[in-house]
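Take a look at the structure below.
The values are calculated or read from the model by the stated rules, or taken from the named source; none is laboratory data. Since the model is a prediction, treat every value here as computed from it, not as a measurement. Cβ sites come from the backbone with ideal geometry, for glycine too, and all protein chains shown count toward neighbours.
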Amino acid sequence: MEEAKEREPIIEVKNLTAGFGEEIILKDVSFSVYQGEIFVIIGASGCGKSTLLKHIVGLYDPVAGNVYIDGDDITTADDIELSRILRKIGVLFQSGALFSSMTLWENIALPLQEYTTLPEDVIDIMVRMKLQMVHLEGYEEKYPSELSGGMQKRAALARAMALDPKILFFDEPSAGLDPVTAAEIDLLVKQINTSLGTTMVIVTHELASIFTIAQRVIMLDREEKGIIATGTPHKLKEKCQDVRVQNFFNRKPALSAVKEKRRAAQPCLAE
Amino acid sequence: MRLFFLGRKRVNLNNTDGAQIRLVPAGRKKSTFFISGSVTVDNSASVREEILSLVPTDITISMVEFDLKDVVVMDSAGVAILVDLRKHLKERGFDCKIINVPPRISGFLTLVDTDSLLELAETKKPEKKFNLILFLGEVTLEALEECRSVVTFLGEMVIALVSLLRHPKKMRWDDFFLFIERAGTDALPIVALLSLLMGLIMAFQAAVQLRQFGANIFVADLVGISILRELGPLLTAIIIAGRSGASFAAEIGTMKVSEEVDALTTMGFEPVSFLALPRILAATFVGPFLTLVGDFVGILGGLIVGMISLDLSATAYLEETYTAITFFDLFSGLIKSVAFAVLIAGVGCLRGFQVERSADSVGKKTTSAVVSGIFLIVFADAIFTIIFHYF
């Protein structure tokens, strides 16, 4: 904990309350993500992981609270500020969200052509470089529909990295992928994190992937509408007594456990 | 650009939004670019321009080095311009080297292989040449494929209809009524408005000509017959094509993209009879009714012009219309409208089923649904005209 505090936070979520209409999904959530770390948001389906992610990247407006990205509040930013903040981040959506009418080359070149004045030759080199990083050299002229799911994810990662973002967000990167392909994505995430120092914020519930890549984890819960545990995955699994955390890490069905009231009153800290 | 002397060597120093570029001659054959500061996506374009403008013109220099010792930040754009510059310099006959890469910026260089990038950048994409035979072949294959899918679809429709007749209860009647509302009731205002305007325009244009001969009253004949026989059914059909044909294609297409059509198949439903049949039947049902409304309002439009600008009485106009039109005029128009509706809804659903798994494809097929719908309407109208002419 002490060690983490010394590092500089790049994302600060302060007292975020999120919801749609009357329904509140997250209440008074606060946490920080530090520069260069791989930060993982976990939790059972429906606990608001993806909602939290979409609030951090500015897709949804919060009911209350603030989200600071590299010092700028994304919740109050006007259009010009917002586009400046958004250039610092890249988002990899669950389904990849590649534009199906464009080739991979065009998908990745799009942000470069729109946001920079670089000549076409340099953009071409950059696009090839990004594709090389995700091991998709030679697929420049392919359309997304001609690729497998894992390749689409990797191509989407290349697009998310087009403008060299400081922070990369992943919404369930290994969803729908076979273990081998999912492990490849994890490896890529680690490689990019170590060589470029990009901060990674990942929403997932893939246990294998959590243990391989996560440096720090927060766990959300639907009933609590907030964070119930923070820490490294191994320590959470070993030390945290909260039954919900234990069920998650041990893949235990919670149907019978609902009646057990062995729940921590305070969020579990295991760092 | 500032020029000053550092010791006895002439040095170019340049500042480009956070990046400094210095060109220092090193020995007789070599020049070194010292780059410092940050080279990022924001200033890479100008850094590249700057370096290109500084490239030595001295022919004795055969080697150019890029010294990155003092670079603080360099992102992929920075790496890309170096790769690009190396290519340019090689073309001009220089040897090129990148030296002193500090560990803090070497990240990209560990992830990418710049040499192979350079090779890739040098091998230009082979330009596709137009090949007439290839083109003709592709067009023919496409046409054959289209024929095949039309025939398949027709066959499936016939099977669906037969099974509907045998088991009428299996039909999705809720869907049928829903589509009657969407394709019929919801279309009433626009059909009425456009038909009224069409009647007004027709009557007005005719009046200008007929007035010269004192034949004002024949405006009623002209408007009545042309609306009942041609314009009513045609205009209504075009509106149905734009509204319902497009919506059928987009809806079924999106269902294909999200695998809902596949889900239907695995649950043992025939997608054609499940999705297309209620839509086509509903459209066929509302087609003639909408046309009837269009006919009526169109004649009303003619009547308005007749009364206001031709000084005809309402009775005289309607009487003239009544004597001019025959039951056959109305009937032939309604028959046509049924055929048009079948064609529009059919091609709309067919295009929906032809959608491949992409957003792009949904757009293309929806456009195609409307275009082929209107083409089929006009084509069928031509055939009807010939048939009615001889019988």
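General remarks:
- Any hit, segment B:215-222, residues being in contact with an Asp or Glu (Cβ under 6 Å, 6 or more places away or on another chain) and buried (at least 22 other Cβ atoms within 10 Å of the Cβ): yes
- Residue in segment A:184-195 that is closer than 30 Å to A:Phe248 by Cα and part of a loop (DSSP other than H, G, I, E, B) present: no
- With respect to the conditions (1) within 11 Å of chain B (Cβ to nearest Cβ); (2) under 20 Å from A:Lys190 (Cβ atoms), A:Pro144 lacks only one, and its number is (2).
- Of the residues making up segment B:1-41, just one is at pLDDT below 75, within 14 Å of another protein chain (Cβ to nearest Cβ) and assigned to a loop (DSSP other than H, G, I, E, B), namely B:Asp17.
- Selection within segment A:153-187 - of a type in the set (Gly, Ala, Ser) and at the interface with chain B (Cβ under 10 Å from one of its Cβ atoms): A:Ala162
- Restricting attention to segment A:210-246, the residues that are in a loop (DSSP other than H, G, I, E, B), polar (S, T, N, Q) and either within 21 Å of A:Gly46 (Cβ to Cβ) or at pLDDT 85 or above (or both) add up to 2.
- Filtered residues of segment B:110-123 (kept if part of a helix (DSSP H, G or I) and either modelled with pLDDT under 65 or within 15 Å of B:Phe66 (Cα to Cα) (or both)): B:Thr114, B:Leu118, B:Glu119, B:Leu120, B:Ala121, B:Glu122
- A:Leu136 being away from chain B (no Cβ under 14 Å) and either part of a loop (DSSP other than H, G, I, E, B) or modelled with pLDDT under 85 (or both): no
- Top-ranked residue in segment A:67-94 [being of a type in the set (Ser, Thr, Tyr) and free of Cβ contacts under 8 Å to residues at least 40 places away in the same chain; ranked as surrounded by the most Cβ atoms within 10 Å (Cβ to Cβ)]: A:Thr75
- Test: residue in segment A:43-58 that is in a strand (DSSP E or B) and surrounded by 16 or more Cβ atoms within 10 Å (Cβ to Cβ): yes
- Output for segment A:102-132, where each listed residue is facing another protein chain (nearest Cβ under 7 Å), surrounded by fewer than 23 Cβ atoms within 10 Å (Cβ to Cβ) and closer than 14 Å to A:Asp164 by Cα: A:Thr116
- Considering each residue of segment B:349-363 in turn, none proves to be crowded, with 17+ Cβ neighbours inside 10 Å and more than 30 Å from A:Leu98 (Cβ to Cβ).
- So A:Gly150, is it away from chain B (no Cβ under 14 Å), small (Gly, Ala, Ser) and outside any loop (DSSP other than H, G, I, E, B): yes
- Residue in segment B:377-387 that is surrounded by 19 or more Cβ atoms within 10 Å (Cβ to Cβ) and among the aliphatic types (A, V, I, L, M) present: yes
- Qualifying residues in segment B:68-100 (those that are in a helix (DSSP H, G or I) and more than 13 Å from chain A (Cβ to nearest Cβ)) - the one surrounded by the most Cβ atoms within 10 Å (Cβ to Cβ): B:Leu89
- Scanning segment A:112-126 turns up at least one residue that is assigned to a loop (DSSP other than H, G, I, E, B), of a type in the set (A, V, I, L, M) and in contact with a Leu (Cβ under 9 Å, 6 or more places away or on another chain).
- Members of segment B:127-144 found to be part of a helix (DSSP H, G or I) and surrounded by 10 or more Cβ atoms within 10 Å (Cβ to Cβ), listed by number: B:Leu134, B:Phe135, B:Leu136, B:Gly137, B:Glu138, B:Val139, B:Thr140, B:Leu141, B:Glu142, B:Ala143, B:Leu144
- Once segment B:42-67 is narrowed to residues that are away from chain A (no Cβ under 14 Å) and crowded, with 21+ Cβ neighbours inside 10 Å, the residue that is farthest from B:Phe108 (Cα to Cα) is B:Val64.
- Any hit, segment B:75-97, residues being within 23 Å of A:Gly197 (Cα to Cα) and charged (D, E, K, R): yes
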